[in-house]
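Notes follow once the structure below has been shown.
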Amino acid sequence: MKRTVFLILLFTTYSFIAQEKITTEKAIINFEASVPFFEEIKAVNRSVMIILDPKTSTLFCAVLMRDFHFKLDLMQEHFNENYIESHRYPKAVFKGKIAKFDLKDIDETEKEYLIKGKLIIRGKSKDMLVKAFLKKVYGGIQIKSDFPITISDFDIEIPDRIASKIAKTANTELSGIIGNDEKVLLSLK
């Protein structure tokens, strides 16, 4: 039910702003919080929404927390119920401004940009400065970004008995192609 409401909200928002924005709902976030010699803690989410507004150089990213998939079902259950509490905090959101961004500068050569924004996880907000690499590809604009998320910044409590088995900082990777329709392809020519 929450997923349906969230998708309706996103679709409504998307419909309202679709004329000006470049979007995707199929970006990917990988994260890893593994510690050497212990169980690998990795997850992937293949349903990440990204909206890029070239006029304002704004990047918006939203992810449903329940859509992260782990190798082990029990790990996924603990992630959602104990740590992220996805029933209370169903999504994470990042909104930022891309410094020195101009759509006309995007070509087949990958360029590094800085994005200054806010990341909201579990209702907690954190200012972030994120590096992103953008380039023109078939289907739109490819984005790649690696950034750390410090677990304590978002009041994620790890029980003492397993704290040494989980990294205090999760390495996070975002990748995707923004804008996979004909209108976007024409605007990038």
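All of the numbers you see were taken from the coordinates with simple rules; none came from a lab. Just so it is clear, the model here is predicted, and its values are computed rather than measured. Using ideal geometry, Cβ is built from the backbone for each residue, glycine included, and neighbour counts are taken over all protein chains shown.
Label positions at F38 and K116, each projected 7 Å from the Cα along the C-beta direction, are separated by 3.6 nm. The string of couplings for segment 60-66 from the Karplus curve (6.51, -1.76, 1.60, θ = phi - 60°) is 10, 9, 10, 9, 7, 5, 5 Hz, one whole number per residue in order, with x for Gly and Pro.
Beyond 22 Å in Cα-Cα separation lie the following of the pairs K135/K168; K100/K136; K97/K126; K26/K71: K135/K168.
Take peptides 21-30, 100-109 and line them up by average Cβ neighbours within 10 Å, highest first, as a rough protection proxy.
21-30, 100-109
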